[in-house]
Every structure is written in structure tokens, then in C-alpha cells.
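The values are calculated or read from the model by the stated rules, or taken from the named source; none is laboratory data. Just so you know, these numbers come straight off a predicted model, no measurement behind them. Methodologically, a virtual Cβ is constructed for each residue, glycine included, from the backbone with ideal geometry; neighbour enumeration extends over all protein chains shown. Heavy atoms of the whole protein, side chains included, go into the accessibility calculation; ligands, DNA and RNA do not. Shrake-Rupley method; radii C 1.70, N 1.55, O 1.52, S 1.80 Å.
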Amino acid sequence: MERIAVLGCGTMGHSIALNAAWAGLSVTMQGISDADLEQGWTNMLKKLEVMLNNGILSESEAGHIQENIKMTVSVEEAVQGATFVIEAVPENIQLKIDLFKRLDALCDPDVILASNTSGLSPTEIASETAHPERTVVTHFWNPAHLIPLVEVVRGEKTGDEAVERSFQLLKQMKKKPIEVKKEVPGFVGNRLQYALFREAQYLLEEGIASKEDIDDAVTYGIGRRLPVSGPLMTADMGGLDVFSAISDYLFQHLSSAEESLPELKKLVSEQKLGDKTGEGYYKRAAYCASKGGMVQLTKALAVEWASNGINVNAVAPTFIETELTSKMFEDKEFEKEVYGRIPLGKLADAEDVSAVTLFLSSNLSKFITGDTIKVDGGWTAI
């Protein structure tokens, strides 16, 4: 069994450490300071609390996870005795090059050195190491303890053993690893994600559809299909002759922009950055994202877990009458936008949400994979 060192305890680091500890592995999590570690530990405890409250973990399981994690500010102490090191430091190429050079000198040659980079070159990261064959990318997706996908990316000199041991470890962590055989900017997942984002920007920029309708085209169209079948399997299902003919016609009309389009640049220049500032493409982006994200996450989990006989019942966040919503609705434009997107055109009472929650958790509720129903105040996913 691998002994894990996770270097970095920020957004990704503490979540990766949690996932490894959840799989029963011994983990040492390193941070740059005691304050850094304290924040990472606090964030991890919040995630454990969410999973406890939703019945994903038991109290004893949460306790074992915490027992499996040690913390240190020392890189040397973190990697001592480790057989698999996962780097999760900021996305700065020189920082990673220097760190891997240092790790290469500290660790025995049979220790795997993995980077969680989301797009930097594994060849460049290993460029100053004496054993580049043991350097590999294991790109976890945020949140790392919940999203199954991990991209295992080869550098020019990455050896088969590094890839094979990465796959073995990730499967033990109940992940879905995929192999990226050649390094390419953005790897696989982000290239697919940003191809869609570029086209969405183009459609908005050209006034072809509103932001709401562009998002709905994904949420209520291809988004329903993607948890079950990827783009290539979808093409098989639809007929390759049909998809080839459409590609021949449509590709020439798709966006070929080589950088962010003007509307996105404008929002960034105005410091309208989305959740972190309260406004981006949408006002109150966090509400829109959390609500839509919970619906889609429920469907994805329903599809994934159904094959194992696990029934998923979950209620998406909804707007109800509270002091907070009253203050938010002082912005009349935002109030109009929210009411326009609520199925029945009214806010729910807390009792409505509670009643639906109780129904979905009762024996009267019949499990329907990936289906949705409408209730007062928002969407309920079952």
C-alpha cells in the first residue's frame, strides 16, 4: 500500500489528502506555515461535516479519516517514508521545477513524484530532475474528494511504472483515472471544457442567444446526456455518417477565437469576476451556480451509483422566504430575474421544501435515474 505525501493544503491539497485518507491510506499533508495548515485542516473539517450531514460518512469513518492524516510544515518531514508524493502547490512553473528538483534529491528513485497541475508541462516540471521517468501528472478535478475523474498525463520521459502505480493508487481511492498519452496544453478535460466555453462566449458575443438560453441549452440538452455518454459514444449512438456530415458543414462556422472574447474581457476589467465579487455574467452567480450545480451533481451521482444498487434522493437548493432573500431582493432587477426562472413564479415556504424532502426520503418516493420534478420555489432533483 502506498504511503502518501501531499505538498500543499490549499483548495486542492487538503481535498486530495481527505480523499486518500478516506481510502484508508496514510497521508502526510504539508503546508508552508502553521496558519496555512490550520486553514487547510479547517476546510477539510467543513467538507467532512457536509458529508456527515448528508449521510455520506458515519461518525466513525470521519474519525478514521482524521486519524489517517498527519501535518507538517517541513517538506523533508512530509516525504520521509512516503512512496507516492502528490504536489498541489500554486500553478507557477518555476516553483514546480524547483520543488521537483528538490524532491528528486530527497526521495529514493522508486518514489513516484506526481503533480496536480491542471495544464503545465510534466516534461518541463521534471526538466531539472535526475529521474524524470518517475514524474507524472495526476490532475484531480475540484472538489477532489468528490469528482471521480483524474487525468494521468505522461511527460516525454515518464516511465510506464509511474503511470501504472498512479492508476493503481487512484483506483484504490475510488477515482476514474484516464491516461493522457501525450502532453498537450489543457490535457483532455479542460480542452473539452474550454472548447464549449469558447463557443458559448461566441454565441453571446454575436447576440445569437441570451446567457440564460445558452446555459439552458446545455443544462436541458447535452448536459442530460453527458453523465451517461461522452461525445464519441454519443456520435456512435447517433450514427457516425450523420455526425461526419454535420461536422463537415458546421466546423467552418464555429468560433476560432484565439483569446477571450470582448464581453468576457469587459467583465474582468470591471472586476465582475463571478462568485468572488458577487457578479459576473450573472448577478449573484453563487446562487445560480449552486442551484444548477446541485441538480446536475444529483443526476450524475444517480447515474453513477444506480449500477451499485444505491438510490440517490436529493433536493436542490431553492429560494425560500428568509431575511437574506429579502435583502437580496432589494435589487429589483435581480428579483425579476429570479422570479422569471422559478417554475411556478413564486417563492417557496420553508414548509414546502421540508415536505418535499420528507417525501423523497420516504418509501413513497420511487427512484427515477436523473429525472426532475417541479415544486414551488425551484427545482427538486430525485
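One table, with the values for the structure above:
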quantity: Residue-span extension gain [Asp98 to Glu258] - 0.36 nm each, minus C-alpha spacing; calculated: 54.5 nm
quantity: Selection from Ala35, Val137, Leu106, by position along the positive dipole direction of region 30-179 (Cβ); calculated: Val137
quantity: Volume of the Cα convex hull of region 1-106, divided per residue and given in Å³; calculated: 90 Å³
quantity: Subset of Lys46/Lys336; Lys47/Lys211; Lys266/Lys336; Lys272/Lys332; Lys101/Lys171 violating a 26 Å alpha-carbon distance limit; calculated: Lys46/Lys336; Lys47/Lys211; Lys101/Lys171
quantity: Linear extension gain, Met233 paired with Glu333, 0.36 nm per residue minus alpha-carbon span; calculated: 31.8 nm
quantity: Potential extension, Asn54-Ile208 segment - 0.36 nm per residue separation minus Cα distance; calculated: 51.4 nm
quantity: Highest average packing first - 146-154, 126-134, 219-227, Cβ atoms within 10 Å; calculated: 146-154, 126-134, 219-227
quantity: Alpha-carbon spread of region 171-284, three principal axes, descending order, Å; calculated: 43, 42, 29
quantity: Carbon plus sulfur fraction of accessible area for region 9-146, probe 1.4 Å, in percent; calculated: 51 percent
quantity: Normalised contact order of region 1-70, rounded percent, pairs of Cα under 8 Å and 6 or more residues apart; calculated: 37 percent
quantity: Förster-model FRET efficiency, 45 Å R0, Lys171 and Val218, C-beta, rounded to 0.05; calculated: 0.90
